[in-house]
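The values are calculated or read from the model by the stated rules, or taken from the named source; none is laboratory data. Small disclaimer: the values here were computed from a predicted structure and weren't measured. Here the Cβ positions follow ideal geometry from the backbone for every residue, glycine too, while neighbour counts run over all protein chains shown.
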């Protein structure tokens, strides 16, 4: 936003040097990027935050200066004589889509004389980088930069039927803009049309075949309010940008819309002559009432840590044109002006008072209490998982949430009925939300492999979405983990993670096929003792706990599709469920005072016997043991077909003394007997 200092002085008295004014504006929140001296004028360029569209005008900047210096803004006169024919008898406006155009005003001036605008107006426009064209066009640009409301002037004689229709574009329609860009229109674009064709892309740019020229005699002035999202999409899609679209994208003042129209007509009447038709066409669906916000004076001191006198608070609000409609005890009821609709809460008003009063005046030692936030459980669990996996040698990655419909959105271990499709995707080939972080991790794996890094252990903590059987969106937080280290290594990492995260909850690893994994090399991770809905691939009528995670070796089909040299293993956990079982408080136990005793055991069991069955059997038979640790697995001719040998160690320890060899024999024999009796195990020499 560029401001002419000479122009600014029309609305507020400036006693500061340009450099002092720049510092003042920066402290108020409108950061000055440069101050350029231009002969008798100075151009001040500011960076304006997107939530302050009111500052995209010279009057908006004048309000800030007036508030800081205790003045009132002096607005120009907008009176004029409208002694022509009633405007309703000469033209009409029809708005077919009030959601995209909630207000449209039109005024008509007949018999204007097109000539150069006054030299002072040209100088001011040139100072802020605008090229003078003629008096009517320059006035619309002048009012735009003066009050922030975009205007458009149509050559009324070139409007077919002498009327305006605000509607959506139609397939096959085109329009040539005033910068000679050929625009193909669609129903997604809002246009201003006459009785036959589009004459402007609404809020973006006018058309070349209805613009004001040296032969123009009658002018129709448009001043409207358009939907910001619609303008942004049209500007991007048509690759058209203008000062008008820049302001409409950030919203304009719906009340100031009509004031800007009067201001433009008064200037045209003064510098181009003509007769103004009587009245105004105003198609309006906007609620123009001022919203009310309550603010407690005591709250200001609690937030800022410093007392600001009530009289000063009232002065600041009045200077910013926030009207105090009621003052009762400690509470002010404040009417919010239409050009500051972003102010909607008490804290917003406190911020307005603070920035004008001066943040720099708040003492460094204000006595405010500061409390360190502990963070939410969601953050704590994610941080714990991140630290655990990084310590295990994994690298965190961040991938996009958008995938292609089909393979990208179907690549998930979770039950789903369909992908969530985006209405306005950034890329046509990525129009769905991912139902798993797996596609992103596979792309990262492929990217690293193509650059020479074959081995990469990676993980991502993110959110995934899909549609359930009822067509409703489902969303869960997940962590996806991928490794080249093999199935057992990844299972060990998951076990260690869950043991630490869910210390009071027992998780089970149940062999169960999933279409993403090699048959026989997939595990569903469940929470013991909880009944859930049926998981993916579970046959109806067979009760089963709903998995909170999946672990397995990805299929050869996926390896070939992503052209991977190695077949990775993958696990994905449902953090939304696991968070409810997380125990984040840690308690330290005293280190053992006496040594442990370990005994290695090798047994031969049927191929169908799982490690979980073995540990459950040992737990039931010998609860006094301290630990069980898997050592090795062997299959071969020495133990026979359909059999496998499992070696593990059992640790014993007494809290008060050192165990003797004789004390280990009895529990060890009970343990072996239970395995032989319950699982048909045979001790292997």
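Of the set (1) touching a strand residue (DSSP E or B) at 6+ places or on another chain (Cβ under 8 Å); (2) crowded, with 21+ Cβ neighbours inside 10 Å; (3) modelled with pLDDT under 90, all apply to residue 438 but (3). Residues in the range 263-287 that are out of contact with any strand residue (DSSP E or B) (no Cβ under 8 Å at 6 or more places or on another chain) and more than 21 Å from residue 178 (Cβ to Cβ): 263, 266, 270, 271, 273, 287. In the set 311, 335, which member is surrounded by 13 or more Cβ atoms within 10 Å (Cβ to Cβ) and at pLDDT 90 or above? After ruling out the rest, the residue left standing is 335. Inspection of the range 95-104 finds a residue satisfying the criterion of being assigned to a strand (DSSP E or B), closer than 20 Å to residue 268 by Cα and assigned by TED's automatic domain parsing to the domain that holds residue 166. Going through (1) assigned by TED's automatic domain parsing to the domain that holds residue 117; (2) farther than 22 Å from residue 80 by Cβ; (3) out of contact with any strand residue (DSSP E or B) (no Cβ under 6 Å at 6 or more places or on another chain); (4) in contact (Cβ under 8 Å) with a residue 24 or more places away in the chain one by one, residue 249 falls short only on (4).
Restricting attention to the range 187-201, the residues that are assigned to a loop (DSSP other than H, G, I, E, B) and in contact with a helix residue (DSSP H, G or I) (Cβ under 9 Å, 6 or more places away or on another chain) add up to 6.
Note on the range 262-278: among residues that are part of a loop (DSSP other than H, G, I, E, B) and in contact with a helix residue (DSSP H, G or I) (Cβ under 8 Å, 6 or more places away or on another chain), the one that is surrounded by the most Cβ atoms within 10 Å (Cβ to Cβ) is 277.
Within the range 170-189, residues that are assigned by TED's automatic domain parsing to the domain that holds residue 206 and on the phi > 0 side of the Ramachandran plot have Cβ atoms under 9 Å from residues that are assigned to a strand (DSSP E or B) and modelled with pLDDT under 95 in these pairs: 172/184, counting only partners at least 6 apart in sequence or on another chain.
Look through the range 110-138, keep the residues that are in a helix (DSSP H, G or I) and in contact with a strand residue (DSSP E or B) (Cβ under 8 Å, 6 or more places away or on another chain), and return whichever of them is surrounded by the most Cβ atoms within 10 Å (Cβ to Cβ). Here the answer is 136. Does residue 216 count as under 23 Å from residue 93 (Cβ atoms), out of contact with any helix residue (DSSP H, G or I) (no Cβ under 6 Å at 6 or more places or on another chain) and part of a loop (DSSP other than H, G, I, E, B)? The answer is yes for residue 216. Only one of the numbered conditions (1) under 57 Å from the mean Cα position of the chain (by Cα); (2) free of Cβ contacts under 8 Å to residues at least 24 places away in the same chain; (3) assigned to a loop (DSSP other than H, G, I, E, B) is violated by residue 619, and that is (3).
The rows are residues; the columns are (1) surrounded by 12 or more Cβ atoms within 10 Å (Cβ to Cβ); (2) in contact (Cβ under 8 Å) with a residue 40 or more places away in the chain; (3) more than 30 Å from residue 521 (Cβ to Cβ); (4) more than 56 Å from the chain's Cα centre (by Cα).
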position: 607; (1), (2), (3), (4): no, no, no, no
position: 652; (1), (2), (3), (4): yes, yes, yes, no
position: 666; (1), (2), (3), (4): no, no, yes, yes
position: 677; (1), (2), (3), (4): no, no, yes, yes
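Just one of (1) modelled with pLDDT of 85 or more; (2) surrounded by fewer than 21 Cβ atoms within 10 Å (Cβ to Cβ); (3) under 34 Å from the mean Cα position of the chain (by Cα); (4) under 23 Å from residue 417 (Cα atoms) fails for residue 524. It is (2).
Among the numbered conditions (1) surrounded by fewer than 21 Cβ atoms within 10 Å (Cβ to Cβ); (2) touching a strand residue (DSSP E or B) at 6+ places or on another chain (Cβ under 6 Å); (3) within 14 Å of residue 143 (Cα to Cα), the only one that residue 222 does not meet is (1). Filtered by the rule that a residue be closer than 14 Å to residue 571 by Cα, out of contact with any helix residue (DSSP H, G or I) (no Cβ under 8 Å at 6 or more places or on another chain) and surrounded by fewer than 18 Cβ atoms within 10 Å (Cβ to Cβ), the range 494-509 gives a lone residue, 495. For residue 259, the criteria (1) at pLDDT 95 or above; (2) in contact with a helix residue (DSSP H, G or I) (Cβ under 6 Å, 6 or more places away or on another chain) hold in every case but one, which is (2). Would you pick out the residues in the range 412-432 that are surrounded by fewer than 22 Cβ atoms within 10 Å (Cβ to Cβ) and not in a loop (DSSP other than H, G, I, E, B)? Residues satisfying the conditions are 418, 421.
Counting only helices (runs of 4 or more DSSP H) that fall entirely inside the range 279-380 and contain at least 1 residues that are under 30 Å from residue 479 (Cα atoms), no element qualifies.
Quickly run through the range 586-616 and pick out the residues that are under 20 Å from residue 507 (Cα atoms), assigned to a loop (DSSP other than H, G, I, E, B) and either at pLDDT 90 or above or outside the structural domain of residue 644 (by TED's automatic domain parsing) (or both).
The answer is 586, 609.
Taken over the range 79-116, residues that are within 30 Å of residue 232 (Cβ to Cβ) and either free of Cβ contacts under 8 Å to residues at least 60 places away in the same chain or more than 34 Å from the chain's Cα centre (by Cα) (or both) amount to 7.
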